[in-house]
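Novice: What follows is a structure written as structure tokens; I'll ask about it next.
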Amino acid sequence: MGKIRVLNIMTRLEQGGAPLALLETVRRMDREKFEVEIATGRSHDPDLELLDTPLVHDVNLVHIPSMRRNLHLIRDLKSLWELFCVIRSKRYHLVHTHTSKAGLLGRVVARFCGVPAIIHSSHGTVLEGYFGSFVTRFFATLERLCAPLSDLLICLTPAEIDQCLEVKIGKRKQYTYIFNGIDIGEFEGRTGDRDGIRKSLGISPEDIVCITVGRLVPVKGHTDLLEAFQQTIPKRSNIHLLIVGEGELRATLENQADQLQIASRVHFLGWRKDTAELLGASDIFLLSSHNEGLGLVLIEAMTKHLPVVATDVGGVAHVVDQNTTGLLVPPHAPHRLSAALEDLLDHPDKRVRMGEAGYRRALENFSIDSTVENTERVYRELLGTCS
């Protein structure tokens, strides 16, 4: 059949695990065997937009101007028409949708157009931590209605598959999972000047630096993290917290740090291009999310030999091996997060041991090459059964 023509559909390409994972995978697919494009709209926040960055320079993009994250009847109908025109004109062998909104629009159009194979990746569910009960049930209903339109449903972990099946989204035979991965060699090689980075932030070489990376939105649990850090500071006067990321809660979180009287120890850095170097200048990685599909930032931290303290949500336990590469705590429990952090602060040898174990685990399980290989294999197998 020559090259396999694939259209990926994602509502927006912006800073965050799912868009970055998609871009890194598409960029590395075999161009001799696959002709891959990404149909996407614009981000609502220009500061998060990836369309004007080097990450997309060698990616074939199809712009869908009306496609946005939020539900909007007229705009969404226009998106359906724009997607219809694209899919009918290029006659793709396979359409692969990503996340809820694009999954709804893309699967409907792809099935209507008679695309031979349709795949959907949720990149972690919205069934926990994102919305209230009514909105969550609404999204679960949409996913149940769209599941029959899918030839394959790809999750990030086995735990995500079970979570979807619990609310009757699809059938088990429709599911598989593929771990996201990163370019470990490239990320590890970005070492930077550890002491220079610390000096630029007013941090001494002897201080303990904790770091978290992620969007400043409610589901990431930063309010819990600041409370936990505030509980830890009285016992450790030489610790700092780097918060890398941007989002709607930044001003709120900065105010919280002021009210907790920890602002001098908490550094809000916004989005940075030197995340790898910042991780290399740190000692402990913290994740306080209320939900995570997998957590690419955990893999990045492990690649930098950092021990991890993370909330046991979503697919995190598939990345962090409890008591081996890090410590897992319940979500919404700042006191438990603080206790785990204090444990690592009190035992430098444990930090080193967990950091080395995490690095080995990242190498063995979370390489971007494995992600690409598994994605290509799934595409070929599915088209073989659908032909």
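Novice: Among the residues of segment 143-158, write down those that are within 18 Å of the chain's Cα centre (by Cα) and surrounded by fewer than 18 Cβ atoms within 10 Å (Cβ to Cβ).
Specialist: Pro158
Novice: Being on the phi < 0 side of the Ramachandran plot and crowded, with 20+ Cβ neighbours inside 10 Å is the filter here, so list the residues in segment 284-295 that pass it.
Specialist: Within segment 284-295, Ile284, Phe285, Leu286, Leu287, Ser288, Ser289, Asn291, Glu292, Gly293, Leu294 meet the criteria.
Novice: Which numbered condition in (1) surrounded by 24 or more Cβ atoms within 10 Å (Cβ to Cβ); (2) under 19 Å from Gly280 (Cβ atoms); (3) among the aliphatic types (A, V, I, L, M) is the only one that Leu337 fails?
Specialist: The failed condition is (2).
Novice: Check off (1) surrounded by 14 or more Cβ atoms within 10 Å (Cβ to Cβ); (2) in contact (Cβ under 8 Å) with a residue 40 or more places away in the chain; (3) within 22 Å of Leu23 (Cα to Cα) for Asp369 and give me the number that stays unchecked.
Specialist: Just one mismatch for Asp369, condition (1).
Novice: A follow-up question, please. Out of all the residues in segment 19-37, is one or more in contact with a Pro (Cβ under 8 Å, 6 or more places away or on another chain) and either more than 24 Å from Gly384 (Cα to Cα) or in a strand (DSSP E or B) (or both)?
Specialist: no
Novice: Something else: Check Arg68 against each of (1) part of a loop (DSSP other than H, G, I, E, B); (2) within 30 Å of Glu248 (Cβ to Cβ); (3) touching a residue at least 60 places away in the same chain (Cβ under 8 Å) and name the one condition it does not meet.
Specialist: Answer for Arg68: the failing condition is (3).
Novice: Follow-up. Among what's in segment 248-300 and is part of a strand (DSSP E or B) and among the aliphatic types (A, V, I, L, M), pick the residue that is farthest from His347 (Cα to Cα).
Specialist: Among residues in segment 248-300 that are part of a strand (DSSP E or B) and among the aliphatic types (A, V, I, L, M), the one farthest from His347 (Cα to Cα) is Leu269.
Novice: Kindly indicate the residue of segment 39-48 that is within 25 Å of Phe84 (Cα to Cα) and not hydroxyl-bearing (Ser, Thr, Tyr) and also surrounded by the fewest Cβ atoms within 10 Å (Cβ to Cβ) among those meeting that condition.
Specialist: Within segment 39-48, the match that is surrounded by the fewest Cβ atoms within 10 Å (Cβ to Cβ) is His44.
Novice: Let me ask something else about it. Considering only residues that are over 14 Å from the mean Cα position of the chain (by Cα) and crowded, with 23+ Cβ neighbours inside 10 Å, look in segment 7-35 and name the one that is nearest to Lys78 (Cα to Cα).
Specialist: Only one residue tops the list, namely Thr11.
Novice: Under 21 Å from the mean Cα position of the chain (by Cα), surrounded by fewer than 16 Cβ atoms within 10 Å (Cβ to Cβ), under 21 Å from Val297 (Cβ atoms) and of a type in the set (Asp, Glu): which single residue out of Glu248, Glu188 fits that description?
Specialist: Only one candidate qualifies: Glu248.
Novice: Pairs only if they're at least six apart or on different chains, beta carbon under 6 angstrom, first in segment 303-329 and outside the structural domain of Arg353 (by TED's automatic domain parsing) and surrounded by fewer than 24 Cβ atoms within 10 Å (Cβ to Cβ), second assigned to a loop (DSSP other than H, G, I, E, B) and modelled with pLDDT under 95; list them, first residue then second.
Specialist: none
Novice: Applying the selection to segment 74-114, what residues are assigned to a loop (DSSP other than H, G, I, E, B) and farther than 27 Å from Tyr177 by Cβ?
Specialist: Within segment 74-114, Arg91, Cys113, Gly114 qualify.
Novice: Something else now. Take Val308 and decide whether it is within 18 Å of Arg351 (Cα to Cα), under 18 Å from the mean Cα position of the chain (by Cα) and of a type outside the set (Lys, Arg).
Specialist: Spelling it out, Val308 is indeed within 18 Å of Arg351 (Cα to Cα), under 18 Å from the mean Cα position of the chain (by Cα) and of a type outside the set (Lys, Arg).
Novice: Can you pull out every residue in segment 149-178 that is closer than 16 Å to Val313 by Cβ, part of a loop (DSSP other than H, G, I, E, B) and either hydrophobic (A, V, I, L, M, F, W, C) or outside the structural domain of Ala21 (by TED's automatic domain parsing) (or both)?
Specialist: If the condition is that a residue be closer than 16 Å to Val313 by Cβ, part of a loop (DSSP other than H, G, I, E, B) and either hydrophobic (A, V, I, L, M, F, W, C) or outside the structural domain of Ala21 (by TED's automatic domain parsing) (or both), then Leu156 is the only one that fits.
Novice: Still on this structure: If the requirement is being among the β-branched types (Val, Ile, Thr), modelled with pLDDT under 95 and surrounded by 14 or more Cβ atoms within 10 Å (Cβ to Cβ), which of these qualifies: Val115, Val135, Val167, Val109?
Specialist: The unique qualifying residue is Val167.
The values are calculated or read from the model by the stated rules, or taken from the named source; none is laboratory data. Predicted model, so just to flag it, every value in this text is computed and none were measured. Methodologically, a virtual Cβ is constructed for each residue, glycine included, from the backbone with ideal geometry; neighbour enumeration extends over all protein chains shown.
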